[in-house]
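Colleague: Here it is, the structure in full.
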Amino acid sequence: MVKDVIFGIIGGLGLFLFGMKYLSDGLQKVAGTKLRRTLRSLTQNRFRGILLGAFVTSIIQSSSVTTVMLVGLINAGIISLMQGASVVIGANIGTTITAQIIAFKIAKYALPALGIGVALMLLARKKKMQFWGQVIFAFGMIFLGLATMSNVMKPLKDVPAVTEFFVQLSTNPVLSILLATLFTVAVQSSSAAIGMVIALASVGLIDFPAALYLILGDNIGTTITAWLAALGGSISARRMACFHSLFNVVGVTYFAFLVHSGIYPHFIDIITPGAITTETIARHIANAHTFFNVFNAALFLLIMGPVVHLTQRIIPGKDIYVSAEFKYLQDKLLSTPEIAVESAKKELVAMAEMVHQTIKTAVEGFFAKDKKSIPHVQTQENAIDHLQHDITFYLAKLATQQLTPHLASQLPPLLHSINDLERISDHAVNVAELTEKVYSDSLSFSNKALAEMRTLYAKVEDMFDDTIDAVKSNDTRAIDRILQQEGEINTLHIEYRARHSQRLCENKCDPLSALIFVDFINNLEKMADHLTNIAQAARGDFLFQNDIDKPKPDVLLHPS
């Protein structure tokens, strides 16, 4: 019997976890990219953030996915820590929907759901219907997994040692909360942990107080996902994970006392119809889970500011926040294309200044062997990636308007320039990765190598300043300087590679340092190529080659 129980629990839990993952993936496909855009639409309004967090999490049936998306958005500088904190609170409310669905006792429909889901996935022609088939199939897997676990655990009621262990859970809050926390950390799913609690309670192995202690532990264990996602990320992302932990740990602490006193079990019994039996306990557990998160959310809504400040004390350091929002582009400008195009040029300048700062952070961190600069560069580059995507999307919408040939011809060079800036930020990340190698391997460079790298970087710096001036005011002298500088950089690049090869042959430098040197100057030379592309576009006033009224600049001098 022991073997059957173990195999049944492992198999049932596997089905449940697979179903939850498949359900989350399917719902995200159904919703498309709107989920991320919805999260990005946050304002400083805490109530809206909580509602959005609850809404998004209830749709995708996974607070883990919501928190991972939040970490990505905070790392990218899309949202602030305070905005992320409000969404975390809402996500904890939204995740209780899973327990409420499980409590409906619709496991008998598991097999039909599997059949219908597979039929839609295999036979439906439209992608959206196939995704809905995945959702239905996933629900079938979830309930089949729950049914499997419940069925194999029923015989355990007749084993004295097992029943005695579970009886102890209701009288030992610390043990119950700890076990549930460890289990949730292990399976990486609070929904799976809640499902296991409901399965145990439904066959009579645990009573209601023990179930309450276990769901409290589940709420602590689920915070591990945010920590895993934030590892290696920005300080703000780690602070958000810390806030998530504080939210649940503080809530669990005072609710554990309410459970131990009998107040909370009695309250849930009052608000839930029917006496507590093995048939109704699932609904009591689901309601207890929901009320815990709703009440805790209301409390933290009042103290969210001080708690966020506390996370800043717990995790000290300079907060990294880079705004990836538009400074000049607005949807209402689409009806006046002339102004929209000029605003796009201003946005290009703002993005260029952001990229310039990213390069400075990366290169200065490289020379200082400062490992702390790496997450800063990654944060800035993530924001630039999002900005590139959004500007491209905006220009695509602008292209659908009624444009004169003169205006329409400016869009391709603007798009190419936006892409060039994004590629430059990619090279900045490459430099940051070189910093990691220099730091971890304790590499050093000769004075001549350092002087050459600094000289080439200074040229790129001057080139970037001139590029920003060229885009801002169509400064022809700045453009001429850029073209001259690019030629000088190409010459120095070849010369420095040759010199370094000679030093390597003469054993005057470490082979690993030699590789880093070459990668460093190669990235600088590539940056110069992309800056030249932008200057060429600016020289023609961002007009495409087929425009008949303006000169025909070689916009793609250095294609990506």
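The values are calculated or read from the model by the stated rules, or taken from the named source; none is laboratory data. Owing to the predicted nature of the structure, the values given are computational and were not obtained by experimental measurement. Neighbour counts are summed over all protein chains in view; Cβ atoms, including those assigned to glycine, are modelled from backbone coordinates with ideal geometry.
Colleague: Within region 261-280, restricting attention to residues that are modelled with pLDDT under 90 and not polar (S, T, N, Q), which residue is nearest to residue 210 (Cα to Cα)?
Modeller: The residue in question is 276.
Colleague: Can I ask one more? Where in region 365-460 are there helices (runs of 4 or more DSSP H), lying wholly inside it, with at least 1 residues that are over 30 Å from residue 338 (Cα atoms)?
Modeller: Once the helices (runs of 4 or more DSSP H) in region 365-460 are filtered for at least 1 residues that are over 30 Å from residue 338 (Cα atoms), what remains is 373-399, 411-440.
Colleague: Hey, among the residues in region 57-93 that are among the aliphatic types (A, V, I, L, M) and at pLDDT 75 or above, which one's surrounded by the fewest Cβ atoms within 10 Å (Cβ to Cβ)? Working first, answer last.
Modeller: Applying the first criterion (among the aliphatic types (A, V, I, L, M)) to region 57-93 yields 59-60, 65, 68-71, 73-74, 76, 78-79, 81-82, 85, 87-89, 91, 93.
Subset that is at pLDDT 75 or above: 81-82, 85, 87-89, 91, 93.
On the way: 81: 21, 82: 17, 85: 27, 87: 30, 88: 28, 89: 25, 91: 32, 93: 23.
Only one residue tops the list, namely 82.
Colleague: Considering only residues that are in contact with a Ser or Thr (Cβ under 9 Å, 6 or more places away or on another chain) and over 30 Å from residue 408 (Cβ atoms), which ones fall in region 338-362?
Modeller: The answer is 358, 359, 361, 362.
Colleague: Given 370, 390, which one is within 24 Å of residue 436 (Cα to Cα), of a type outside the set (Ser, Thr, Tyr), touching a residue at least 40 places away in the same chain (Cβ under 8 Å) and assigned by TED's automatic domain parsing to the domain that holds residue 469? First the steps, then the outcome.
Modeller: Values: 390 fails: within 24 Å of residue 436 (Cα to Cα).
The conditions single out 370.
Colleague: For residues that are buried (at least 21 other Cβ atoms within 10 Å of the Cβ) and either closer than 14 Å to residue 536 by Cα or within 27 Å of the chain's Cα centre (by Cα) (or both), tally how many sit in region 395-414.
Modeller: So the answer is 3.
Colleague: Something else: Taking residue 161 and the conditions (1) touching a helix residue (DSSP H, G or I) at 6+ places or on another chain (Cβ under 7 Å); (2) modelled with pLDDT under 70, which numbered condition does it fall short on, given that it satisfies the others?
Modeller: Unmet condition: (1).
Colleague: May I pose another question? Counting only residues that are within 38 Å of the chain's Cα centre (by Cα), modelled with pLDDT under 90 and among the small types (Gly, Ala, Ser), how many does region 477-532 have?
Modeller: The number of residues fulfilling the criteria is 2.
To keep it simple, each residue is scored yes or no on (1) touching a residue at least 60 places away in the same chain (Cβ under 8 Å); (2) among the aromatic types (Phe, Trp, Tyr); (3) in the same structural domain as residue 417 (by TED's automatic domain parsing).
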| residue | (1), (2), (3) |
| --- | --- |
| 484 | no, no, yes |
| 489 | no, no, yes |
| 494 | no, no, yes |
| 500 | no, no, yes |
| 505 | no, no, yes |
| 512 | yes, no, yes |
| 517 | yes, yes, yes |
| 526 | yes, no, yes |
| 535 | yes, no, yes |
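Colleague: Of the numbered conditions (1) modelled with pLDDT of 65 or more; (2) over 13 Å from the mean Cα position of the chain (by Cα), residue 34 fails exactly one; give the number of that condition.
Modeller: (1)
Colleague: Out of the residues in region 352-404 that are touching a His at 6+ places or on another chain (Cβ under 9 Å) and of a type in the set (Val, Ile, Thr), which is farthest from residue 466 (Cα to Cα)?
Modeller: Ranking the qualifying residues of region 352-404, first place goes to 361.
To keep it simple, each residue is scored yes or no on (1) surrounded by 15 or more Cβ atoms within 10 Å (Cβ to Cβ); (2) within 21 Å of residue 361 (Cα to Cα).
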position	(1), (2)
468	yes, yes
471	yes, no
478	yes, no
485	yes, no
492	yes, no
498	no, no
501	no, no
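Colleague: Something else now. Out of 513, 446, I need the residue that is farther than 30 Å from residue 391 by Cβ, among the polar types (S, T, N, Q) and crowded, with 17+ Cβ neighbours inside 10 Å. Which one? Can you show your working first?
Modeller: On the way: 446 fails: crowded, with 17+ Cβ neighbours inside 10 Å.
Exactly one residue qualifies, and that residue is 513.
Colleague: From the list 116, 102, pick out the single residue that is surrounded by fewer than 22 Cβ atoms within 10 Å (Cβ to Cβ) and more than 20 Å from the chain's Cα centre (by Cα).
Modeller: The match here is 116.
Colleague: Still on this structure: Only one residue in 383, 297 is within 25 Å of residue 70 (Cα to Cα) and modelled with pLDDT under 85. Which one?
Modeller: 383
Colleague: Further question: If residue 469 meets every condition in (1) over 35 Å from the mean Cα position of the chain (by Cα); (2) more than 14 Å from residue 359 (Cβ to Cβ); (3) in a helix (DSSP H, G or I) apart from one, which number is that one?
Modeller: For residue 469, the failing item is (1).
Rundown of residues vs (1) without any contact (Cβ under 8 Å) to a residue 60 or more places away in the chain; (2) not aromatic (Phe, Trp, Tyr), yes/no style:
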| site | (1), (2) |
| --- | --- |
| 407 | no, yes |
| 410 | no, yes |
| 420 | no, yes |
| 430 | no, yes |
| 434 | no, yes |
| 437 | no, yes |
| 440 | yes, yes |
| 445 | no, no |
| 448 | yes, yes |
